[in-house]
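Quick one: this structure, given as structure tokens, is what I'll be asking you about.
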């Protein structure tokens, strides 16, 4: 992340902190009752070397900003900013003394146009090409993903789609999702019911095109859970175990009055006298004192 965004973000930090210094030095150290004298002195001071050096004291320091979190995600950002300042200090001073009125947007002038470190939002690469979907749809990656290099002079421009979305433009639904809404400019995908296999056509059990292991197709209800504990085949074969059905699977638990021995994986009498109730055995992970033994799902058998 930091190698991709570093140069552009360092430039933005440079400009943001320079503008802080510009604001804080606006009136210099002049104060008093002689207004004519102050205006004359301020006019000289406004674009002076003295003021420029005072401004530089604020530059590249995140502490100069009211919002210090903006640049916190990039390591060594202040160092990168200072390097940029050292390489371009003369150009920045020239802008300060002579070009402020001509190029009033300092960030656009330096970061985008002169130093060519950033692209406008929705564009990427050294040539600032539009990200997928921007020109045809008005939204980068259909509004359902991010463009690699967005806003930078780097990157591939490929879309990284949000969960549930797929395709070069992120305008299709991913596997196990279905189209709830789709227009020329908008798509909304929803996740299929957990019992579905090979996708679905709509929400809920009835929307499944096929059922995954642990479920079976019911003509009226769609994919319904199979209760493995009642199918006639003994699932829990060790002594003192009971079978507990889960959605799409089952667990083997120690019966009341027994506790799981983590070393032998056997259910043994709880010699401490603790009675493990059924509510305690619903945990998926084995805790100390728990009687839960989780077996693999049918898909793993």
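Checking the conditions here, which among 136, 160 is over 30 Å from residue 23 (Cα atoms), in contact with a helix residue (DSSP H, G or I) (Cβ under 9 Å, 6 or more places away or on another chain) and not assigned by the TED database to the domain that holds residue 249?
Answer to the check: 160.
I've got another one for you. Conditions: (1) touching a residue at least 24 places away in the same chain (Cβ under 8 Å); (2) within 23 Å of the chain's Cα centre (by Cα); (3) on the phi < 0 side of the Ramachandran plot. Residue 164 meets all but one. Number of the miss?
All conditions are met except number (3).
Please work out if residue 69 is assigned to a helix (DSSP H, G or I) and modelled with pLDDT under 95.
no
Regarding residue 244, is this residue closer than 30 Å to residue 272 by Cβ, touching a residue at least 24 places away in the same chain (Cβ under 8 Å) and assigned to a strand (DSSP E or B)?
In short, yes.
While we're here: Take the residues of the stretch 86-134 that are within 22 Å of the chain's Cα centre (by Cα) and surrounded by fewer than 16 Cβ atoms within 10 Å (Cβ to Cβ): which is nearest to residue 150 (Cα to Cα)?
121
Looking only at the stretch 48-66, which residues are part of a loop (DSSP other than H, G, I, E, B) and surrounded by 14 or more Cβ atoms within 10 Å (Cβ to Cβ)?
If the condition is that a residue be part of a loop (DSSP other than H, G, I, E, B) and surrounded by 14 or more Cβ atoms within 10 Å (Cβ to Cβ), then 48, 58, 59, 60, 61, 65 are the ones that fit.
Is it fair to say residue 137 is modelled with pLDDT under 95 and either closer than 30 Å to residue 44 by Cβ or buried (at least 16 other Cβ atoms within 10 Å of the Cβ) (or both)?
yes
Something else about it: I need a count of the residues in the stretch 213-226 that are under 34 Å from the mean Cα position of the chain (by Cα), buried (at least 19 other Cβ atoms within 10 Å of the Cβ) and outside any strand (DSSP E or B).
1
Which count do you get for residues in the stretch 227-238 that are surrounded by 14 or more Cβ atoms within 10 Å (Cβ to Cβ) and out of contact with any strand residue (DSSP E or B) (no Cβ under 7 Å at 6 or more places or on another chain)?
0
Among the residues of the stretch 171-188, is any free of Cβ contacts under 8 Å to residues at least 60 places away in the same chain and more than 30 Å from residue 146 (Cα to Cα)?
no
Oh, and also: Does residue 141 satisfy the condition of being out of contact with any helix residue (DSSP H, G or I) (no Cβ under 8 Å at 6 or more places or on another chain) and closer than 13 Å to residue 169 by Cβ?
Here the answer is yes, as residue 141 does meet what is asked.
Could you check how many residues of the stretch 185-212 are out of contact with any helix residue (DSSP H, G or I) (no Cβ under 8 Å at 6 or more places or on another chain) and not in a strand (DSSP E or B)?
7
The values are calculated or read from the model by the stated rules, or taken from the named source; none is laboratory data. Quick caveat, the model's predicted, so the values are computed rather than measured. Don't worry about glycine lacking a Cβ; one is built from the backbone with ideal geometry, like all the others, and counts go over all protein chains shown.
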